[in-house]
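**Student:** So that we are looking at the same thing, I have put the structure below in structure tokens.
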Amino acid sequence: MTTRKTTFTKFFSCSPQQDSLFAINGDLSVDNALEQASCFLEASEDTLRALLADSAPDDPINRAWPALYLIEISSAIVDASIQAIHQEEHNHD
């Protein structure tokens, strides 16, 4: 079975020259990278949900509901991808 690996990817531009502050290392297990992304998304979702739950109806934070839904969608996509990889690995064993 072929182990899928990440590719080197820079992100978080921090200058007018588009220099990146962070990068994803190449040659990491895609499964491990997706698991970590899932954890980051879950923490983001929990944090935003807590902020929204404690807000008054006229609080500007309420404009963040669409962001919460996008995080939930992204999390579901990542989790479904992880499950597909695990199922594929199980079927090849």
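No lab work stands behind these numbers, since they all come straight from the coordinates. Because the structure is predicted, anything quoted here is derived from the model rather than measured. Note: ideal-geometry Cβ built from the backbone for every residue, glycine included; neighbour counts use all protein chains shown.
**Student:** Sort 6, 47 so that the residue with the fewest other Cβ atoms within 10 Å of its own Cβ comes first and the one with the most comes last.
**Tutor:** 47, 6
**Student:** Residue 64 label point, 7 Å along Cα→Cβ, cut-off 12 Å on backbone N: hits in segment 39-58?
**Tutor:** Within reach of a label on residue 64, which here means backbone N under 12 Å from a point 7 Å along Cα→Cβ, segment 39-58 contributes 44-56.
**Student:** Against the longest alpha carbon principal axis of the chain, how many degrees, from 0 to 90 and to the nearest 10, is the axis of helix 65-92 turned?
**Tutor:** Roughly 20 degrees between the two axes.
**Student:** Measure nothing but the geometry: give the 0 to 90° angle between the long axis through the Cα atoms of 30-53 and the longest principal axis through the Cα atoms of the chain, rounded to 10°.
**Tutor:** The angle comes out at about 10 degrees.
**Student:** Continuing with the same structure: For segment 1-82, run through the chymotrypsin sites (Phe, Trp or Tyr not before Pro) and keep only the ones in DSSP coil with at most 11 other Cβ atoms within 10 Å of their Cβ. Could the numbers behind the result be given before it?
**Tutor:** Working: sites: 8, 11, 12, 22, 40, 69; in loops: 8.
For chymotrypsin sites (Phe, Trp or Tyr not before Pro) across segment 1-82 that sit outside H, G, I, E and B with at most 11 neighbouring Cβ atoms in 10 Å, the list reads 8.
**Student:** Something else about it: Which of 85, 71 has the fewest other C-beta atoms within 10 Å, and how do the rest follow up to the most?
**Tutor:** Result, fewest neighbours first: 85, 71.
**Student:** Please label the shape of segment 43-93 as rounded, prolate or oblate, based on the square roots a ≥ b ≥ c of the eigenvalues of the alpha-carbon gyration tensor (a/c under 1.5 means rounded; beyond that, a/b larger than b/c means prolate, else oblate).
**Tutor:** Working: a/c = 7.04, a/b = 3.98, b/c = 1.77.
Since a/c reaches 1.5 and a/b is larger than b/c, the shape of segment 43-93 is classed as prolate.
**Student:** From the list (i) 49, 21, 18; (ii) 64, 28, 19; (iii) 54, 39, 15, can you say which value of Cα extents along the principal axes in Å was derived from the structure given?
**Tutor:** Label (iii) holds the value from this structure.
**Student:** On to the next question. Add -39500 (n - 2.57) for each DSSP H run of 4 or more in the chain, then divide by its residues: what number comes out at 222 nm, to the nearest 500 deg cm²/dmol?
**Tutor:** Numbers: 2 runs with 52 residues, N = 93.
So the helix-based figure for the chain works out to -20000 deg cm²/dmol.
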